[in-house]
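Right, one structure below, let's go through it.
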Amino acid sequence: MKAIEAVDVTKKYKGSSSYAINNISLNIEPGRIFTLLGRNGAGKTTFVRICATQLLPSSGTVKIFENDLIKDTEKIRNNISIVPQEGRPLRALTPWDHVYYWLRIRGVNKQESYTRAEKILREFELYDVRNRLAMYLSGGMKQKVLVAMAMATDSKLLFLDEPTIGLDPVSRRQIWKAIKEKKENGTTILLTTHYMDEAEVLSDDIVIIDKGIVISQGTISDIRKNIKENIKIEISKSGVESDVLKSYGTVVDGGMETIKLFTFESNIQELSAIAIKKNLFFKVTPITLDDVFVSLVGSEPNNSDRELVRD
């Protein structure tokens, strides 16, 4: 049984000349962390909102744990929870109110709701401000309240749409720990993020979407194979011709003062000798998911009318 089975799902918003998502078919296995990556406007949030029963597709079918999105909406909603991309806590409620009463609304008894609320608020370092109105919380605390609400449930499927946006590094790691624990307990998680380190740390499976179309999918190892080389070298732009470097691998623009070269470990000694001889800046690092992502979607700004649609 698949956690999510999407077949040829499309969505076209009224007034748009292009599809927000176009014929997306994905199978998401239970108990895994499945991450959607893409630039702003790529279609990630549209897909999440459809699967979370917040939005109807223009065409295609979606099943959540074998329940049809259209026919079995209430059954699906009983088994899911979501952190929306642009959600905000209610200003006149406290962190405790948000978590405790959300659990009560979902049918959890008083004692269990109390226990879960206390646990998650302590875990996210919100317990000391549990009785402070949300309007007086920092932006990062407000975001953690939303994540705490979703994490406190026993939902079989969690939709986390950029859950760590705006959080400091310590808070991000608190969220990562909670996500990993949920997975260990059998929860399926559909995650979107713009933080490539987050995707690398958490993901079992990754799908990269660009302009509403899936352009790559698989494990992190599978995604890395989109770049055949295994080493990244940055070298001073002014000291060596890019045509010379092209004989060693794939040259990309590294910035104002450096050239970035994707190459193989066997070339490091020869390239470093060139850099030393000419007294050039020279840096060797592994190829990251960020490098693969940029190589697939490009570095040019997306100026299409898709940007008019919130994603």
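Summary table below
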read-out	value
Table column - 3J(HN,Hα) (Hz), the range 14-23, Karplus curve with 6.51, -1.76, 1.60, x for Gly and Pro	4, x, 9, 8, 9, 7, 5, 9, 9, 6
Reported label for calculated percent of Cα pairs over 34 Å apart given (i) 23; (ii) 36; (iii) 33	(iii)
Relative contact order %, the chain, counting alpha carbon pairs below 8 Å whose residues are six or more apart	22
Stokes-Einstein D in µm²/s, Kirkwood radius over Cα pairs - the range 131-281 at 25 °C with 0.890 mPa s viscosity	130
The chain: antiparallel DSSP beta bridges as a percent of all, rounded to 5	65
Fluctuation leader among T288, T219, T115 - the chain, Gaussian network, Cα springs under 10 angstrom	T115
Residues of type lysines that K156 reaches as a straight line, Cα spacing below 20 Å, ignoring anything fewer than 8 places off in the same chain	K2, K63, K71, K75, K119, K177, K180, K182, K183
Helix 169-184 axis, angle to the chain major axis (alpha carbon atoms, nearest 10°)	70
The range 66-140: GluC sites (Glu not before Pro) in DSSP loop, at most 15 other beta carbons within 10 Å	E66, E86, E125
Built amide H within the under 5 Å cut-off of S216, gap 5+	I208
Degrees between helix 95-105 axis and first principal axis of the chain (Cα, 0 to 90, nearest 10)	60
Nearest-0.05 FRET efficiency for D290 and N131, computed from C-beta distance (R0 35 Å)	0.30
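Just so you know, all these numbers are worked out from the coordinates, no wet-lab data involved. This structure is a prediction, so every number in the text was calculated from the model and none was measured. Don't worry about glycine lacking a Cβ; one is built from the backbone with ideal geometry, like all the others, and counts go over all protein chains shown.
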